[in-house]
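The values are calculated or read from the model by the stated rules, or taken from the named source; none is laboratory data. Given the structure is predicted, the values throughout are model-derived calculations rather than measurements. Please note: Cβ atoms are built from the backbone with ideal geometry, for glycine as well, and neighbour counts cover all protein chains shown.
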Amino acid sequence: MRSLYIFISAIVLIGCQQEDLTPSFLRIDSIELSTDGTTEGDDSHDIVDAWIYLDNAPLGVHEMPFVMPVLEEGEHQLTIFPGIKKNGISASRIIYPFYDRWEATVNFVKEDTLVITPVVSYKNNVEMALLEDFEDAGIDFVKYGESDTSIQFVDDPSIVKYGSKCGGISLNTEDSILLVKTISNLNLDRTNDCFIELDYMNNNTFGFGLIAYEGPVQLDQPILYIWNAQNNAEMQWKKIYINLWEEVSAPLNTTSAYGIYFLSRLDEENSFGNIYVDNIKIVKYQ
Ligand SMILES: [Ca+2]
Ligand SMILES: [Ca+2]
């Protein structure tokens, strides 16, 4: 009888314990990128999401800016992975594999909002197989095939956003086709991830692809077309991260010598077309 009494008391006691559901809050407006300008180029980025882990447990993917409740207080290990839109597609959100995580011990206080601005950088074992920011004397792209124009330097401050120059492509009814490719071969690894990053502004469709050099044969594989040309008066710089690995690792490739090409043709409804590019990075593991 006595043991039953203790048992019942224990149940009542547990039932009476109210969990304190007063949350703390976490607010992140943006994640910033820090780069080594010489080896990694400009710090432009389009980090849109924070993938959040608290004491290694996932707390979801949050598009910035956001404020979220956290049912914890006191010191905890907060880990944040920077997230991007893969291939520019809103429905295709990933942790960018080449940016490092942000990690810190933080202190949550109930009803208080912890505001952080994580600064991340490229991982130590990452390198740029190509870095063209149009700041030095040469341009790493040359025209080929039927192209009747090329990428030129643009230094108009009303156009340039990153550094003092960008690349510009002008199309008109006379010179209506652009086809340019990287001057030197890129040594890419078929077994590991690889992305191209690109800042661009365009009022004409353009696309790009991967070249695989199989001995004397140049195999062009289209990757992506940027169809949503912008209105000339309202053009804005955008950034895109494109995964190249699918093309690099295509079964027909037996090479490690690759290139990138850009192509464009004057859109039918246009009498001129302008495409501006900057910070062209081909990012891979060392
Ligand atoms: Ca530049
Ligand atoms: Ca250059």
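For segment 59-170, give me every one of the strands (runs of 3 or more DSSP E) that falls completely inside it and has 2 or more residues that are more than 22 Å from the chain's Cα centre (by Cα) and farther than 30 Å from Asn274 by Cβ.
Counting at least 2 such residues, we get 66-70, 74-85, 102-108, 113-116.
Residues being buried (at least 21 other Cβ atoms within 10 Å of the Cβ) and not hydrophobic (A, V, I, L, M, F, W, C): count how many of those fall in segment 260-270.
2
Taking segment 123-144 as the search range and keeping residues that are within 16 Å of ligand 1 (Cβ to nearest atom) and among the aromatic types (Phe, Trp, Tyr), which one is nearest to Asp189 (Cα to Cα)?
It comes out as Phe141.
Quick one: would you say Val120 is more than 12 Å from ligand 1 (Cβ to nearest atom) and touching a Pro at 6+ places or on another chain (Cβ under 9 Å)?
yes
Got a sec? Which of Asn172, Asn203 is more than 16 Å from ligand 1 (Cβ to nearest atom), surrounded by fewer than 17 Cβ atoms within 10 Å (Cβ to Cβ) and in the same structural domain as Lys281 (by TED's automatic domain parsing)?
Asn172
Every residue, every condition in (1) surrounded by fewer than 17 Cβ atoms within 10 Å (Cβ to Cβ); (2) under 20 Å from Asp36 (Cα atoms); (3) not β-branched (Val, Ile, Thr), yes or no:
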{"site": "Ile84", "(1), (2), (3)": "no, no, no"}
{"site": "Arg93", "(1), (2), (3)": "yes, no, yes"}
{"site": "Thr117", "(1), (2), (3)": "yes, yes, no"}
{"site": "Asn125", "(1), (2), (3)": "yes, yes, yes"}
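Based on what the data block shows, is Asn204 polar (S, T, N, Q) and under 17 Å from Ile151 (Cβ atoms)?
yes
Are there any pairs with C-beta distances below 8 angstrom linking a residue in segment 24-51 that is without any contact (Cβ under 8 Å) to a residue 40 or more places away in the chain to a residue that is hydrophobic (A, V, I, L, M, F, W, C), with the two at least 6 apart or on different chains, and if so which?
Listed pairs, sorted by first residue: Asp43/Leu33.
Pairs please, first residue from segment 129-148 and more than 20 Å from Leu178 (Cα to Cα), second anywhere and assigned to a loop (DSSP other than H, G, I, E, B) and within 16 Å of ligand 2 (Cβ to nearest atom), Cβ atoms under 7 Å, 6+ apart in sequence or on different chains.
Leu130/Asp140; Leu131/Gly41; Glu135/Gly163; Glu135/Ser164; Glu135/Lys165
Check Val160, Val109, Val180 and return the single one that is exposed (fewer than 12 other Cβ atoms within 10 Å of the Cβ) and either within 16 Å of ligand 2 (Cβ to nearest atom) or closer than 30 Å to Leu21 by Cα (or both). Spell out the reasoning first.
Details: Val160 fails: exposed (fewer than 12 other Cβ atoms within 10 Å of the Cβ); Val180 fails: exposed (fewer than 12 other Cβ atoms within 10 Å of the Cβ).
Criteria check complete, one pass: Val109.
Any chance segment 228-251 includes a residue that's within 20 Å of Tyr213 (Cβ to Cβ) and free of Cβ contacts under 8 Å to residues at least 12 places away in the same chain?
Yes - at least one qualifying residue is present in segment 228-251.
Name the single residue that is farthest from Thr205 (Cα to Cα) among those in segment 246-258 being within 20 Å of the chain's Cα centre (by Cα) and surrounded by 17 or more Cβ atoms within 10 Å (Cβ to Cβ).
By that ranking, first place goes to Val248.
Can you tell me which residues in segment 171-189 are hydrophobic (A, V, I, L, M, F, W, C) and within 25 Å of the chain's Cα centre (by Cα)?
Of everything in segment 171-189, those that are hydrophobic (A, V, I, L, M, F, W, C) and within 25 Å of the chain's Cα centre (by Cα) turn out to be Leu179, Val180, Ile183, Leu186, Leu188.
Quick check, is Asp100 outside the structural domain of Tyr276 (by TED's automatic domain parsing), over 21 Å from Gly163 (Cα atoms), away from ligand 2 (no atom under 16 Å from the Cβ) and surrounded by 12 or more Cβ atoms within 10 Å (Cβ to Cβ)?
Yes: the conditions hold for Asp100.
Looking at Ile183, Ile177, can you tell me which residue is more than 29 Å from Tyr99 (Cα to Cα) and either of a type in the set (Asp, Glu) or more than 16 Å from ligand 1 (Cβ to nearest atom) (or both)?
After applying the criteria, what remains is Ile177.
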